[in-house]
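The structure appears right after this line, and notes come after that.
The values are calculated or read from the model by the stated rules, or taken from the named source; none is laboratory data. Here the structure is a predicted model, which means the values were calculated and not measured. Here the Cβ positions follow ideal geometry from the backbone for every residue, glycine too, while neighbour counts run over all protein chains shown. We work out accessible area using only protein heavy atoms, side chains counted, and drop any ligands, DNA or RNA first. Shrake-Rupley method; radii C 1.70, N 1.55, O 1.52, S 1.80 Å.
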Amino acid sequence: MSRRARMVLLALGLAGAVVVLAVGVLGLPAFGGHRHPYRDLAVAASFRHATANAVSAVNFDQRALDTFGEETILVASVAGVAALLRPVRRERRRQVDPEMPVMDSTRLLTAVFFPVTLLIGIDVVAHGAITPGGGFQGGVVLATGLHLLYVGGRYRLLERMRPLPLFEITEAAGLVSFIAIGLAGLAVAGHLFSNVVPQGRMGQLTSAGTVGLLSCAVGMAVVSSVVILLAGFLDQALALEEEPAAGQWDGREGAAR
Amino acid sequence: MPSADTAGQLLPLLVIIPVLAAAVLVGVGQRLPGRLVGAGTMMVAVVVGGGGTAALIITGRRRIVSWLGDWRPGGSGTGVGIALQADQLSIGLALLAATLMIIALGFSWHYFRAPGSHFHALMLFFLAGMTGFALAGDIFTMFVFFEMMGVAAYALTGLKVEDPSAVQGAINFGIVNSVAAYLSLIGIGMVYAHTGELNLAELSRSLAGDHSTFVVIAFVLLSTGFLVKAAVVPFHFWLDDAHAVAPTPVCVLFSGVMVELGLYGVLRVYRIGFAATSVAAGIDRVLLVLGAATAVLAAVMCLLQRHLKRLLAYSTIAHMGMFLVALSVGDPESLAGIALFVLGHAAVKGALFLCAGILLDRFGSVDEFTLWGAGQRLRGWDGVGVRSIFLLAALGLAGLPPFAAGLGKSLAETAMTEAGAAWGPPFMIIISALTGGAVLRVWLRVAVGAGRKPEGIEAEGMSGDEELMEVDVGEDIPNRMIISAGALVVIGCALGLVPSIAARATVAADRFLDADGYVAAVLHGRIGYPPVAGPVPSGWDLHGVLLSCLTVAAACAVAALAVLRHRLPGGLRPPEVVRRPVRLLRRVHSGRVGDYVVWLLIGVGVTAAILAPA
């Protein structure tokens, strides 16, 4: 197709899509209305199970199957990335320069914020049932916190802090525990994902029954998934290179160091 | 209200079990011996298939409804929870997915040793996604499982990473499907903002009588993801790139059930949620226009291919076009015919893909020209087996009695005629003859070495010579490969012979279309079916057999014409008037993902324009 034909088609497509989206958006209920049928039901349901964070109640209690699906999507994506990023025959590993030159201020900030970020991550996961947050958010905070080490130039330390075979196991264990809690509901109350754990008093750390436990299971899977994912990409970018053809030196190896 | 419905309580396990097994493979699969991984995966697929069979038997008498966590709606009939629902059609699709999975795993026994257990884990995630999608009774849950099957499918497509075109195909597939998924999510958001509900049964009530344009827009956006999966023109561009590079056993699942699930998604959402809205006025028009475009375009593209897997991929798209066209007239008999057609198509198309896989592993090519006469180099029983499976599957695809594909097609044709669409049977016959003819042409060239050895082998980049082998099978074709392909042909034939299967399919279709029954079952626990009234079709009749034989004869004629074209006098070659649009068609399928996304946007606009009330 010629460039002009492409442009005409693009204009047609965008025009159609804009009209469709505009008509759709104009038909939406006005901003700030008072009719919220699902919110009214969901908040009441969240109170019934002593869950202070209604969003977590929706995610982990009322619609736990969707969250199970989303966690599975994440784990499946990581399995997919691992399958696609595996070193192929033409690639080989090289030694990554362990300590990159990093400014002292960056080093200092990393040293301060590394433990703080990890603590906040754990806090967000653990308090998913009673404060804003939960397994997904806290898991991402934890995983990115760990990668502050890379920003601070400590790639070696990062590699030591994340033994990948172990993280593969914790990732799977997160998903397996989510399913196990769901199956416990099936065994005890006769319905998958029933909230069968005593729900305590609203606002306490131990309230909300299965919500906190499922949040922790998701947190475990998410932190491991993101770490494995980033490790795969970092590895691809830093540690793998194309094998130079035999008897031929293309100079790239020297340049890369 | 049933307080202890065991079937309902156990239904979600069909989704949970494969994910649990896949999680184990992700965690410790690398440390397990390969045999155990293969056997365990196969066992899980068999368990899901067994559960699906049990559920199918139960759904013959009543629906199965499962409210997760017992978040059943209260007296108002509006709730916060998620429901799964199984009727004969939805559990039938889930069972089809499990059956094809078992056969694909059998075919690929010992495949992909290098990537460890990733292949098996991804296959199980894929199975869970398809099962969950078929059973979901909630538009957001449908979306979640749609994404789950997508993620697994993209990775499975690109599994042969040594081959740059595999990665390219996976990227095209991933990007086009993801863009469509965003649009679907916007559509879901619109429906939710409008009604405050996501459950299909609840939507059925609250959207009833809503004749606004807004509902049409929300439906179009919501359907975009499903239409892309269903490879409906102009949403179809990803499909041939993905099928060309995906491992053969994965193609069996893509063509046999994943693509059909896209169409199921549109039908499910429309028939339950949107049946009493402004969408109803134009939906048949949309199915007819998009379906006819899909069938014609894909049939022509199918004839043009020499890459065997690409050819089969376009044949699948052409069949989707036929499904859509038939569904646009003559409910519920059309739907019954299409349901059987889908089953029969899955069997014979799967067998053809497996034959392509055997040829690829044996000769390192799936190019029709390169493989000319190669079938005769397959000596002994192996050769006889592959040649006859290929031939039978090709004839079955064209509609040969008693294959289920032919029976389904014949039922759909009868339904179309009875609904007053006299053009229906000729249309179905022409499209079937063209795509069946293309496959038979490959058989004539590859298995028999008919005609002259084709010229111009180097001329095209789209040949199937670059395709990487999947596994080195050595001198002999492993029995498991021939048995898997043969089993599919036997299943495809046997389904057409099951007594009163046409009547059963009609009853199942009737129940699928019964929105009131669905709502009563999901919201109020009245899970029994109302009695089915009306006449039920008898299955093969003389008229159907004759028309099917005509289709097969026409397909043979198309194939013979293609192979022996060089013997014809020059005047019978295609004139310039035909060749120019064909060249344009080829150029439109550019392989560039940017073009594909533009076509997707055009498709959204066109669908909305056809569907919007005049």
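Every helix of 4 or more DSSP H residues in chain A counts as -39500 (n - 2.57), and over all residues that averages to -20500 deg cm²/dmol at 222 nm. Computed from backbone phi with θ = phi - 60° and the Karplus coefficients 6.51, -1.76 and 1.60, the 3J(HN,Hα) list for region B:228-243 is 5, 4, 6, 6, 7, 4, x, 9, 9, 4, 5, 5, 6, 4, 5, 5 Hz; x is used for glycine and proline.
Keeping every protein chain in place, order B:Ile527, B:Ile317, A:Ile169 by accessible area at 1.4 Å, biggest value first, i.e. largest first. Write out the running numbers ahead of the final one.
Numbers: B:Ile527 25, B:Ile317 0, A:Ile169 65 Å².
Largest accessible area first, the residues go A:Ile169, B:Ile527, B:Ile317.
For region B:332-338, the Karplus equation 6.51 cos²θ - 1.76 cosθ + 1.60, evaluated at θ = phi - 60°, returns couplings of x, 5, 4, 4, 4, x, 5 Hz by residue, with Gly and Pro reported as x.
How large is the accessible surface per residue of region B:480-566, computed with a 1.4 Å probe and reported in Å² as a whole number?
Numbers: 4020 Å² over 87 residues.
Ligands and nucleic acids excluded, the figure is 46 Å² per residue.
Ranked from the most accessible area to the least, with a 1.4 Å probe and all protein chains present, what is the order of B:Cys549, B:Cys251?
Numbers: B:Cys549 60, B:Cys251 0 Å².
Final ranking, largest accessible area leading: B:Cys549, B:Cys251.
When all protein chains stay in place and ligands, DNA and RNA are ignored, the 1.4 Å accessible-area order of B:Val233, A:Val151, largest first, is A:Val151, B:Val233. Any idea what log10 I(q)/I(0) is at q = 0.16, 0.19 Å⁻¹ for region B:147-196, Debye with uniform C-alpha scatterers and no solvent? For the requested q values the scattering log ratios are -0.52, -0.63.
Relative to the longest principal axis of the Cα atoms of chain B, the long axis of helix B:139-157 lies at roughly 20 degrees.
Volume per residue, Å³, of the convex hull around the alpha-carbon atoms of region A:132-218? All intermediate terms of the calculation are to be shown ahead of the outcome.
Values: hull volume 8.6 nm³, N = 87.
Enclosed volume per residue, from the Cα hull, is 99 Å³.
For chain A, leaving out every one of the chymotrypsin sites (Phe, Trp or Tyr not before Pro) that falls in a DSSP loop and has at most 10 other Cβ atoms within 10 Å, the longest unbroken run is A:32-248. Here B:Asp514 sits with roughly 40 square angstrom of accessible surface, probe radius 1.4 Å.
So what is the diffusion coefficient of region B:275-367 in µm² per second by Stokes-Einstein at 10 °C and 1.306 mPa s, using a Kirkwood Rh over Cα pairs? Display every interim value, and only then the final one.
Numbers: Rh = 14.6 Å.
Taking Rh from Cα pairs, D becomes 109 µm²/s.
Counting only the Cα atoms, region B:226-295 fills a convex hull of 77 Å³ per residue. With coordinates expressed along the principal axes, the C-alpha atoms belonging to region A:25-95 extend over 61, 37, 22 Å, beginning with the largest.
If you run the Gaussian network model on chain A, springs between alpha carbon atoms under 10 Å, then out of A:Arg160, A:Arg48, A:Arg39 the most flexible one is A:Arg160.
Expressed as a fraction of 2.2 N^0.38 Å, the C-alpha radius of gyration for region B:371-443 is 1.40. Both the radius of gyration and Dmax for region B:530-600 are 21.6, 63 Å, in that order, over alpha-carbon atoms. The alpha carbon convex hull volume per residue for chain B rounds to 144 Å³.
Annotation: amide H of B:His589 has no partner in the under-5 Å range at sequence separation 5 or more or interchain, hydrogens built in the peptide plane.
Less than 5 angstrom separates the built amide H of B:Asp138 from those of B:Leu200, all sequence-distant by 5 or more or on a different chain. Calculated translational diffusion coefficient of region B:194-235 (37 °C, 0.692 mPa s; Stokes-Einstein with Kirkwood radius over alpha-carbon pairs) equals 283 µm²/s.
Using only Cα atoms, tell me the angle between helix B:501-513 and the longest principal axis of chain B; keep it within 0 to 90° and round to the nearest 10. It is inclined by approximately 50 degrees.
Can you check how the C-alpha radius of gyration of region B:17-156 compares to 2.2 N^0.38 Å, as a plain ratio?
Values: Rg = 16.4 Å, N = 140, 2.2 N^0.38 = 14.4 Å.
For region B:17-156, the normalised Cα radius of gyration comes out at 1.14.
Across region B:85-171, counting alpha-carbon atoms alone, Rg and Dmax equal 14.3, 43 Å. Computed from phi, the 3J(HN,Hα) profile of region A:162-177 under the Karplus parametrisation 6.51, -1.76, 1.60 (θ = phi - 60°) reads 10, x, 4, x, 5, 5, 4, 6, 5, 4, 5, 5, x, 5, 5, 5 Hz, with x in place of Gly and Pro. Helix B:118-135 and the long axis of chain B differ in direction by around 50°, with both axes built from C-alpha atoms. For A:Asp104, the solvent-accessible surface computed with a 1.4 Å probe is close to 120 Å², ligands and nucleic acids excluded. Across q = 0.10, 0.14, 0.15, 0.22 Å⁻¹, region B:489-614 modelled as identical point scatterers on its alpha-carbon atoms has Debye log10 I(q)/I(0) values of -0.81, -1.08, -1.07, -1.17, in the order of the q list.
Mean shadow of region B:174-314, computed from the convex hull of its alpha carbons, in nm²? Each step should come with its number before you reach the end.
Values: hull surface 33.7 nm².
The number I arrive at for region B:174-314 is 8.4 nm².
Given axes a ≥ b ≥ c from the Cα gyration tensor, I'd like to know whether region A:1-138 is rounded (a/c under 1.5), prolate (a/b larger than b/c) or oblate. Oblate shape, in that a/c is at least 1.5 and b/c is the bigger or equal ratio. The orientation-averaged projected area of the convex hull spanned by the Cα atoms of the protein assembly as shown comes to 38.5 nm².
Which percent of the accessible heavy-atom area of the protein assembly as shown goes to carbon and sulfur, probe 1.4 angstrom?
Working: 21800 of 32680 Å².
On the protein assembly as shown, the fraction of accessible area on carbon and sulfur atoms equals 67 percent.
In the assembled protein chains, A:Glu168 presents an accessible area of approximately 50 Å² (probe radius 1.4 Å). Counted without the sites themselves, the longest stretch of chain B free of trypsin sites (Lys or Arg not before Pro) in a DSSP loop having at most 15 other beta carbon atoms within 10 Å is B:114-378.
Calculate the mean, over all residues of peptide A:58-68, of how many other protein chain Cβ atoms lie within 10 angstrom of the residue's Cβ.
Details: counts 1, 0, 1, 4, 7, 11, 5, 16, 10, 1, 7.
Neighbouring Cβ atoms belonging to other protein chains average 6 per residue here.
Give me the percent relative contact order of region B:91-236, please, defined on Cα pairs under 8 angstrom at least 6 residues apart. The partial results should precede the final answer.
Values: 137 pairs, mean separation 27.9, N = 146.
That works out to 19 percent.
As a size descriptor, the averaged projected area of the C-alpha convex hull of chain A was calculated at 22.1 nm². Rolling a 1.4 Å probe over the protein heavy atoms gives region B:37-178 an accessible area of 23 Å² per residue. Using a 1.4 angstrom probe on protein heavy atoms only, the contact between B and A buries about 5600 square angstrom of accessible area, both sides summed. Charge dipole (Cα centre; +1 on Lys/Arg Cβ, -1 on Asp/Glu Cβ; no other charges) of chain B amounts to roughly 900 debye. Checking the cross-link pairs B:Lys160/B:Lys229; B:Lys349/B:Lys453; B:Lys160/B:Lys309 against a 18 Å limit on the alpha carbon distance flags B:Lys160/B:Lys229; B:Lys349/B:Lys453 as lying beyond it.
Compute accessible area for region A:156-181 by itself and then with all protein chains, 1.4 Å probe, and report residues whose area falls by 50 Å² or more. Buried by 50 Å² or more upon assembly, which counts only protein chains, are A:Glu168, A:Ile179.
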